[in-house]
Every structure is written in structure tokens, then in C-alpha cells.
Amino acid sequence: MKLAELKNKKNILTDIGEKTFAENYDVIVAGLGTAGAIAVIAAGRHGLKTLGVEKLTCMGGSATSGAISAYYYGLPGGLFEEIDEKAGRIQTGNLTQTGNFHPDAKKFALESEAVKAGVKLAYNSAVTGIFLEGKKVTGIRWISQDGIKETGCKILVDATGDGEACAIAGCEFSYGRKFDGTSQPYSNVWITFGAGRNIINNLDAGYIDPTDGDDISARIIESGSLRLKNKFKENGKFISTAPQLGQREGRLIKGEATLNFQDFLLGKSSEKPLFYEYTNYDTHSHDWAFESEITQDWVVVAGLWGIPFSIPVPLKTMLPERFDGLMMAGRCMSMDHEMAQCLRMQKAMQKSGEAAALAASLAIKKNISLRDIPYHELLEGLKATGCFNEKIIDNKWFTDKNTIKIQLASEKPGFAIWSAKLLGEKVRKELKEWILSDDENLSKHSAFALGLLLDSTALPVLRKIVRERDEFVPATSCARNQKRLCSALYLLGKLEDIESREELFGILREYKEFDIFSHAFMSLLKIGSAFPGSRKKIADEIIQEISSGDFSLEYTIDENLQVKEVMTGYIRITAAREFDRWGIPHSLDQVIEKSELTMREKALLNTK
């Protein structure tokens, strides 16, 4: 047998020979947050001897210690509804409603149901090691007030949110977006009282590296100062702060299957789902120029940030690749960074905990591997509790060309733009006709659709949008709609349009607004990568703009709190990294203040 540990971010395996545990459980749930709290209760109700290990002093995670007591999207059905109903009965007449439930009422409801189910709860405790026979998990080493403990189990459910148990075991994982390795911002919650009720203030506070203990501590301290600086609304009274930060994304463990956002958008849905997430592309990052192409296609060009959809989640995304006796529940399930913006809402995360518990129960009682559980039995059990909700929301993309034309000519063109992308060759001819229209909306939005189809016919109109400095904002989405200028700038880079170089140089000289500058900047780098002969000219122009002492660029993370991040160094590091790849000499290193780098700038320096 071997003991797996995580030391200074490195996975260490130690051969320990034969091992006998003084105490054994059927199931151990590591982390009793949104997913883990439901998993541990459900496991107990299935008659499994169950241990729940939690760092904090309560169950519920973001819903309780994080004070996020209002649901955002998600589908009904499952054990969580029973818990919420119980919390509602507790708070009636005693606690002020702050959302769908009161955090303290839900704490009590979760705890009481866990105790009733015969579960052992270990608070102020954390997993520090995983015992393995080959790739099969046989137990955990953990620490509590008693000191170090070692406990055996048949199945370990990692519901830590950040995949801590899986990382300790040595599972492969990804983290953050490809460009710079960072995830979307974390939130900061405090409660005020006004207009006769408690008000949840859940605002973005910056970026965090959940794999780094020093950074987590620094962000907790920093977010505390943000609370103190907040200007409360008139007549508002401060009530309390949430002890837990609203961390939206951490490690994403590589599973037997991985949910890929681009595949999902192109209609390649997963088979044999256990439950569905229902949400929009709810990323709180909006430094779009550094996100993936599929994100920019979806948000910057089509403007579909707020369009909801249903995501089927199969068992294989909850099973770490090549490991046995180990499952993930919650936001560390196997998905890419783009999908992680969507698959993280509380209702779905609670469903994942319930699904994990049922899978563990069936595997143990049948004495089979988690991979071999008959799907029909999982489905039957999840339908019985309502966890599997067959109310699937499917966006019906336009197939009628006249409907697409009408919508492209409107101020809400996004659905038509994406419909045209999906139709491809079937509508290309019409798009090339519509782009010549005197109707400004029809012409420009047809150019966007053609741009997504990588059709150079779009280029004259895209260049025109940039020349006109067209900052019109279509109204497709409920939020995060992008200026047409930004859409065109991005597409010129996507299409590698070398003829737009001079116009893009002009944008860099004229604009120091972050969104516009960053899109022009990144498009120039894409053009330079495609055309080696243009690189020196592009590098010279960019260096002239960003190396001067008065160059400054800011990114607003949250308008309400006025949380800003200075992006001057970030832009310089990005340029230097690309010029190094091109073999272009530069002196940008001399103007990058390495002693004062932000967490994201440090990540950028370490990203290949």
C-alpha cells in the first residue's frame, strides 16, 4: 500500500507496506459544502456507514458560511428541496428571510438530517493523505483536534470544491484558462439591512489562486478591507459578513469523460446524464480579449452571455481517470475552463452530491466498480427523488433564413448570428447578399456571422466598423453585451487580417479604454503570429505605445465596489512573451515591475 500526500504542491507517494485501519467506513465524504452536505446525508440514508470531514464548523459551504442564500437558475427536484423546506419551517417567524432560505436555518437543517441519518461529522478537520492500493483508494489520513488519524473506506467522495482529495491522490487536473492560467473572480458577501429586510451584497472582489495557501490568506485579508471601504446604500445598516469567500472555480479533475463547452454548443451532448445543470454562461471575468475563441465567439460576437441552456452531466465526469473507489461531486468535476463558468450553480451541485451518494451505494451493495453501475438503476433512483429532472431546456436555433435575416436586422441579433454559424454553408450565400444591404444592422451583423464562419467576405464591413469607431451595443443579452467595435476588432484578429494593421495601430494610439485597447492589441498579436514579415512593424508600434512611463491601463472587476486591477504590467508581459516567441528584441523587461506583480501577472509569466 502507498500513502499519497501533497507537499509544496507536489504529489508524493510513500510505500508503507501492509496497512490495517482501526476504523473503517463505507463512504467518506471530504468536504461538506454545497455538494458534500447533500452527499453525506444521502449516503447515510442509503444505509451506508458514513463519515463527513469538513475544514469549517458547519455544513452547506457557499449556501451557509458563504451566505449565498438565493438560487441562481438551476432545476428543481431532489433532496435539497426537502432540506430547504425544513430550513423554511425553522426560520418562519424567527429569522429574517434573506433569499430562498436563511443560512443559519439551512445549517441546522443539514446538520439535523445528517445526524438523523446516522452520519458521523468531523468538523475542524481536513484530509492530508490518501491510502492507495495501486490506483484504488482504501482510506484517508486526516487531521482533527485529536491529531493525525487514519481511516479506511470503500469509496471516497471528493466534495472539497477544489478537488483537494483528488489532487492529494495524484489525479490529473487542470486549472484556469489557457491564456494565463487564472480562473474567474471570487466574490465577497456581506449582509446589510434596509427597507425592512436583509440584503445580500455579493460582489466581485478580485482573483484568487485556490491552490496557494499564501494567496488564499492574502485574499481573505484583502476582501475584509473591501467590506470596510464599501459605501452602503442610504439608510442601510451593516449586519454581518460571510466567513467564506465566494470562490467560483478551482481545480478541475480529469475524469473518465470531460464536459467540453465548445462540443456542447455544437450539439455534442453527453449521454446517460444523472442530472442537468440549467444556467447561462455565467462568467464574472470580462477581460474577454484573453479568453478562448469559443468564449469570444459566444459572448463578444454573438452576445449570448445571458442565454440559458441545459447541460447533461453523466457519471463519467464524476469518476477520476484511472482511479477506483474515488468520486468527485461539486465544481471540481471533469470539465474544461469554459464549462466551469456554467456548471457550478447550487441546485446542480447539490444534485451532484445526491447522485454521488446513490452511485456509491449501488457500487458497495453490488460489490462492483463505480464504472460498472447499471445506468438504468442510477436513473431509476434519481428519478424517484426528482434529482433527475426531465424538464430539459433546449434552445431552438433558427433554421428559417427569413427569420435569421429579420433578427440580424434588429438590435438583438445574437441568436441569429449563432444560428447562422450552426447552419454554415446552408446560409453562407444569403449572408453574403445581406452584408451588402443598406440596412446598417443587417449588414454589420451579417458580417459578424460570416466572421464566425471564417469567411473573408466579412472583412470590408469589419474594417468599416473599426474606421467608424462604432460603439453601438446590441441588446441580445440581459448583461455583458459588447460594443460592435470590440466584436469587429476581435474578428479581424480571428481572420488574421493583415490589411487592418494600420487601423488597429490607430486604435492603440487613440483608446486607453481596457476593452477596446485589449481587443486591438490581441488582434495585432494574432496577425503577427500569422505573418512573420509583419512582426517587426507590429512589435515596434506596440512597444511605442506600452513602454512609455505614462502608459496605464485598468480593468474594472466590479463596478459597484469599484474594484479595479491595473493591467499595465499584464499587457507588457503579454507583449514581451509574444515578442520572445517571434524572436523580436525588446526592452520591455526593464519596464515591468517584477517586485509588484499581481497574482495574474505572475501566472502569466509562468504560462507557456
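Since every read-out is calculated from the coordinates, none of them should be taken as a lab result. Every value quoted in this text rests on a predicted model; they were computed, and no experiment measured them. Because the Cβ atoms are built from the backbone with ideal geometry, glycine has one as well, and the counts that use them run over all protein chains shown.
Quick notes on this one:
- Binning the alpha carbon pair distances of segment 300-437 at 10 angstrom intervals from zero yields the distribution 10, 31, 22, 18, 14, 5, 0, expressed in whole percent.
- Calculated P(r) tail over 16 Å for segment 1-73, as whole % of Cα pairs: 65 percent
- Dimensionless Rg ratio for segment 1-159, taking C-alpha atoms and the 2.2 N^0.38 Å reference: 1.15
- Relative to the compact-globule estimate of 2.2 N^0.38 Å, the Cα radius of gyration of the chain comes out at 1.02.
- Amide proton proximity set for Thr138, modelled H, under 5 Å, gap of 5+: Phe131, Leu132, Glu133
- Gain in span if fully extended, Ser456 to Lys19, counting 0.36 nm per residue against the direct Cα distance: 150.8 nm
- Size of charge dipole - the chain - debye, nearest 20, with Cβ of Lys, Arg +1 and Asp, Glu -1, no other charges: 920 debye
- Share antiparallel - DSSP beta bridges, the chain, percent rounded to 5: 75 percent
- Over segment 490-603: Kirkwood hydrodynamic radius from C-alpha pairwise inverse distances, Å: 14.6 Å
- A convex hull fitted to the Cα coordinates of segment 430-562 yields 114 cubic angstrom per residue.
- Backbone phi angles across segment 33-46, fed through the Karplus curve with coefficients 6.51, -1.76 and 1.60 (θ = phi - 60°), yield HN-Hα couplings of x, 4, 7, x, 4, 5, 4, 5, 5, 5, 4, x, 5, 7 Hz in residue order; Gly and Pro are listed as x.
- Kirkwood hydrodynamic radius of segment 195-307, from the reciprocal of the average inverse Cα-Cα distance over all distinct pairs: 17.9 Å.
- Whole-number Å³ per residue for the convex hull built on Cα positions in segment 519-558: 68 Å³
- Over segment 41-96, the pair-distance histogram of Cα-Cα distances with 5 Å bins from zero comes to 4, 13, 18, 26, 21, 13, 4, 0 percent, rounded to whole numbers.
- Of the Cα atoms belonging to segment 109-244, the radius of gyration and Dmax stand at 19.6, 62 Å.
- Compared with the dominant principal axis of the Cα atoms in the chain, helix 484-494 is inclined by about 90°.
- Part-to-part distance (alpha-carbon centres) for segment 4-71 and segment 135-177, which is given in Å: 8 Å
- Tail weight of P(r) past 17 Å, computed on alpha-carbon pairs of segment 372-478, percent: 59 percent
- Rotationally averaged projected area of segment 329-394 (alpha carbon convex hull; nm²): 5.2 nm²
- Each distinct pair of alpha carbons in segment 114-186 adds a 1/r term; the inverse of their mean, the Kirkwood radius, is 14.4 Å.
- Ranked by how many other beta carbons lie within 10 Å on average, peptides 42-50, 400-408 from highest: 42-50, 400-408
- Using the Stokes-Einstein relation with a Kirkwood hydrodynamic radius computed over Cα pairs, the translational diffusion coefficient of segment 217-373 at 25 °C and a viscosity of 0.890 mPa s comes to 138 µm²/s.
- Surrounding net charge for Met339, when Lys and Arg each add one and Asp and Glu each subtract one, Cβ distance under 10 Å: -3
- Segment 236-313 versus segment 498-552: alpha-carbon centroid distance in Å: 30 Å
- Viscosity 1.306 mPa s, temperature 10 °C, Stokes-Einstein D of segment 261-335 from Kirkwood C-alpha radius, µm²/s: 113 µm²/s
- Extension gain for Ile392 to Asn606 (0.36 nm times residue separation, less C-alpha to C-alpha distance): 72.9 nm.
- Long pairs among Lys237/Lys347; Lys237/Lys564; Lys412/Lys537, criterion Cα-Cα beyond 27 Å: Lys237/Lys347; Lys412/Lys537
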